[in-house]
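Scroll down for the structure; my scribbles are underneath it.
Every number here is computed from the coordinates shown, using simple stated rules; none is lab data. In this text, all values refer to a predicted model and were calculated from it rather than measured experimentally. Every residue, glycine as well, gets a Cβ built from its backbone with ideal geometry; the counts of neighbours run over all protein chains shown.
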Amino acid sequence: METGQLQASENGHSGVELEGIAKLRVLFSEQKKYLDYFFDHLDYPQLYGFTKLLLECKGVIFFSGVGKSGFIAQKISQTLVSTGTKSVFLNPTDALHGDIGIVGPEDIVVIFSKSGATEELLKLVPCAKAKGAFLVSVSSLANSVLGKLSDMNVFLPLERELCPFDLAPVTSTAIQMLFGDTVAIALMQAKNLTREQYALNHPAGRIGKRLILRVQDVMKKGAALPLCKDSDMIMDQLVELSAKGCGCLLIVDEKKRLVGTFTDGDLRRSLNEFGDKLFNMSVGELCTRSPRTVLFNSMAVDAMTKMEKTPPVKFLPIVNHANVVVGLVTLHDLVSAGL
């Protein structure tokens, strides 16, 4: 057995697998080389002019393309929207059948096309110009027909496709995506988009929830709160402790100001310590005074952080600035909310 085969066997790979891994390594190395060519030959003053144009746009930035370039254009448009720039994908076929009506003189139409010679896109040019929009072509063919018809052309340098026939658009679409998404982030930075503003565009995602949700959005309140007085007997409050399903009692005074907490863990420990005497004791005698709390307008993620401090707790009373209980949040509530 040759050394290479022996090593492959020792690493758990057969000769066939090793050969396949080697071929993949070559392909990815070639793709990297073609991407390096793109980066090495970029015209940055041209990119700056394009980015500045989009930044100063007073209307909407429309992206268009057909085939693979159309999918890329649609994705880039979505990236722009999610990072704070008004953008819409304009299907070129639909545009010729009425959708061009949405385009106005303050808008920019950006057309992606590797060759800059796609018939459907060339038909779109006079329509967009008739609406008064500024037209930008993005292609990888110098002096393309589309580029000559546009108000601005952005050239994406392409050495060749990774495809062995230099036909399948796999490298050209990769550089289109790199170009568009990087410009989107440049616009995001130029507009000084904050984490909070970004989160507002992603309210259903974990990032958005961590930056938007406050404890008052997820807290239990009203009749769902397990409230009692410190003079109440433990025996009388066992049903409340169990029925509300919070794992605790919130002890309050006559003005609903928080006095302390009593948990099901406290109940077990008290039973071990006091036995039957426990049922003749009041909640106030056994409760935890000055428990951890959180203000009603606090961020939900901050409440979770507070719960995780040593020793960790599974709930937090929510109070206002006068220490009046307004709610209760549990660890289960926060996890269920997506934090």
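By per-residue mean of other Cβ atoms within 10 Å, what is the highest-first order of 100-107, 16-23?
Values: 100-107: 14.6, 16-23: 11.8.
Taking the mean over residues of other Cβ atoms within 10 Å, the ranking is 100-107, 16-23.
If I require 24 Å or longer along the helix axis, counting alpha carbons, and a Kyte-Doolittle average no lower than -1.0, what helices from the chain are left? Use full DSSP H segments.
Details: long enough: 15-40 (37 Å, -0.12); 171-190 (28 Å, 1.04).
Flagged H segments are 15-40, 171-190.
What lysines does LYS277 reach when the alpha-carbon gap must be under 17 Å and sequence neighbours fewer than 8 apart in one chain are set aside?
none
Any of LYS220/LYS256; LYS52/LYS114; LYS32/LYS52; LYS86/LYS191; LYS221/LYS244; LYS114/LYS148 with alpha carbons more than 20 Å apart? Name them for me.
Numbers: LYS220/LYS256 15 Å; LYS52/LYS114 23 Å; LYS32/LYS52 29 Å; LYS86/LYS191 12 Å; LYS221/LYS244 11 Å; LYS114/LYS148 14 Å.
Too far apart for the 20 Å limit: LYS52/LYS114; LYS32/LYS52.
Per-residue counts of other Cβ atoms within 10 Å, averaged by peptide: what ranking do you get for 60-70, 87-97, highest first? The partial results should precede the final answer.
Numbers: 60-70: 22.1, 87-97: 17.7.
Going by the mean number of other Cβ atoms within 10 Å, highest first, we get 60-70, 87-97.
For Kirkwood radius over Cα pairs in Å, several values are listed as [x] 24.7; [y] 28.6; [z] 25.6; flag the one computed from this structure.
Comparing each candidate, only [z] matches the computed number.
What's the magnitude of the charge dipole for the chain around its Cα centre, counting Lys and Arg as +1 and Asp and Glu as -1 at the beta-carbon? Answer in Debye, nearest 20.
920
Only helical DSSP H runs with n ≥ 4 go in: add -39500 (n - 2.57) per run for the chain, normalise by residue count and round the 222 nm mean residue ellipticity to 500 deg cm²/dmol.
-14000 deg cm²/dmol
Find which of LEU24, GLY222, TYR34 sits farthest along the positive direction of the dipole of the chain, computed with +1 on the beta-carbon of Lys and Arg, -1 on that of Asp and Glu, about the Cα centre.
GLY222
In what sequence do MET219, MET233, MET304 fall when counting other Cβ within 10 Å, fewest first?
MET233, MET304, MET219
Based only on other Cβ atoms within 10 Å, what is the fewest-to-most ordering of ILE185, ILE318, ILE234? Before the final figure, lay out each step's value.
Working: ILE185 13, ILE318 28, ILE234 25.
Listing ILE185, ILE318, ILE234 from fewest to most nearby Cβ atoms yields ILE185, ILE234, ILE318.
Taking R0 as 30 Å, what's the FRET efficiency between ALA168 and HIS97 from their Cβ-Cβ distance, rounded to 0.05?
The calculated FRET efficiency here is 0.50.
Under 8 Å for C-alpha pairs, at least 6 residues apart: give me the relative contact order for the chain, rounded to a whole percent.
The normalised contact order for the chain reaches 13 percent.
Using a Cα-Cα cut-off of under 13 Å, which aspartates and glutamates could be cross-linked to LYS58, ignoring same-chain neighbours fewer than 8 residues away?
Leaving aside aspartates and glutamates fewer than 8 places away in the same chain, those within reach of LYS58 are GLU106, ASP107.
Length gain on complete extension for the stretch ARG257 to ASP43, per 0.36 nm per residue less the alpha carbon to alpha carbon distance?
Working it through step by step, the gained length comes to 70.4 nm.
Starting at 0 and stepping by 10 Å, how many percent of the alpha carbon pairs of region 41-193 end up in each bin?
Values per bin, smallest distances first: 12, 45, 36, 8, 0.
What aspartates and glutamates does LYS229 reach when the alpha-carbon gap must be under 14 Å and sequence neighbours fewer than 8 apart in one chain are set aside?
Candidates past the 8-residue exclusion: GLU240, ASP253, GLU254, GLU285.
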